[in-house]
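To start, the structure under review is shown below, and the notes come after it.
The values are calculated or read from the model by the stated rules, or taken from the named source; none is laboratory data. Small disclaimer: the values here were computed from a predicted structure and weren't measured. Cβ placement follows ideal geometry from the backbone for every residue including glycine, while neighbour counts extend to all protein chains displayed. SASA here: full protein model, heavy atoms, side chains in, ligands and nucleic acids out. Shrake-Rupley method; radii C 1.70, N 1.55, O 1.52, S 1.80 Å.
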Amino acid sequence: MLGNDIVDLADPETRSGGQHPRFDERVFAQSERAVLARNSDPTRMRWILWAVKESAYKALRRMRPGTVFSPPRFVVDLDPQLDGTVTVGNEYCRAHVEIDGACVHAIATVDSTRAWTLWGSQRISHPSIRSSRDNAAVDGNASQRARELALEQIASRLEINRSELDIERSGRIPHLLHRGARTTATLSLAHHGSHVGFACRFPIPSVDVRDERIKREPLEGTTH
């Protein structure tokens, strides 16, 4: 299973001092607050930890739709290369974070099967927002761009025609289609501020796209 999340560090929502005074206490475990206290850039690290929690929640929710997002229970432990784990009770996810300028992109996986993961992120341009209706339109545009980025990158990686792929949703969960049939790949889409991203995990061997080329690497990412 798989989840990903995007945080735009340049967005007003993520500015330093923009959170409630008790935000850290309500959101982070004691070990995470200790990491923030000694970090040279606590604002950046705060949103890295948040993105990892969100991505882990998305991954676990795919396994158990009733999973509740209680942020302090999703305890993140990252090494200096931003690889690590998220522990939730007696379960855990593997986690990886990519930083590209103001874009924080977190990917979490939880499964025991052999698989490889492709991910990517992209900065997009928004029109100026003047009303709640404009805001909804911008959100819809970002969702569409996340879909298009995923389909373009997956088709390129698999060396197949983009027209062979599509995405359908079941509830809030996106599913990758190949020639109209649902695949066993796990797909996650995300957007925030001026950035969109995706992650897609393919089992090895794939039974959906019969192409030995998908076995080349177990993990790879692209950022634009």
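Kindly list, by first and then second residue, each pair from a residue in segment 131-148 that is more than 20 Å from G120 (Cβ to Cβ) and at pLDDT 85 or above to a residue that is of a type in the set (A, V, I, L, M) and open to solvent by less than 70 Å² (accessible area, probe 1.4 Å), limited to pairs with Cβ atoms under 6 Å and residues at least 6 apart or on different chains.
Close Cβ pairs satisfying both conditions: none exist.
For segment 110-124, enumerate the residues that are closer than 24 Å to L60 by Cβ and modelled with pLDDT of 80 or more.
V110, A115, W116, T117, L118, W119, G120, S121
Of the residues that sit in segment 175-193 and are closer than 11 Å to A146 by Cα and of a type outside the set (A, V, I, L, M, F, W, C), which one is least open to solvent (accessible area, probe 1.4 Å)?
Among those residues, the one meeting the criterion is S188.
Give me the helices (runs of 4 or more DSSP H) completely within segment 1-107, filtered to those with at least 3 residues that are of a type in the set (A, V, I, L, M, F, W, C) and open to solvent by less than 70 Å² (accessible area, probe 1.4 Å), ordered by residue number.
In segment 1-107, the matching helices (runs of 4 or more DSSP H) lie at 30-38, 42-63.
Can you pull out every residue in segment 141-166 that is open to solvent by less than 10 Å² (accessible area, probe 1.4 Å), part of a helix (DSSP H, G or I) and of a type outside the set (V, I, T)?
Those that are open to solvent by less than 10 Å² (accessible area, probe 1.4 Å), part of a helix (DSSP H, G or I) and of a type outside the set (V, I, T): A142, A146, L149, A150, L151, A155, L158.
So, in segment 194-216, of the ones that are closer than 17 Å to A108 by Cα and open to solvent by 20 Å² or more (accessible area, probe 1.4 Å), which residue ends up modelled with the lowest pLDDT?
Filtering first and then ranking leaves P203.
What about P127, is it open to solvent by 50 Å² or more (accessible area, probe 1.4 Å) and either modelled with pLDDT under 85 or part of a strand (DSSP E or B) (or both)?
yes
Does Q122 fit the bill of being open to solvent by 20 Å² or more (accessible area, probe 1.4 Å) and in a loop (DSSP other than H, G, I, E, B)?
So Q122 fails the test.
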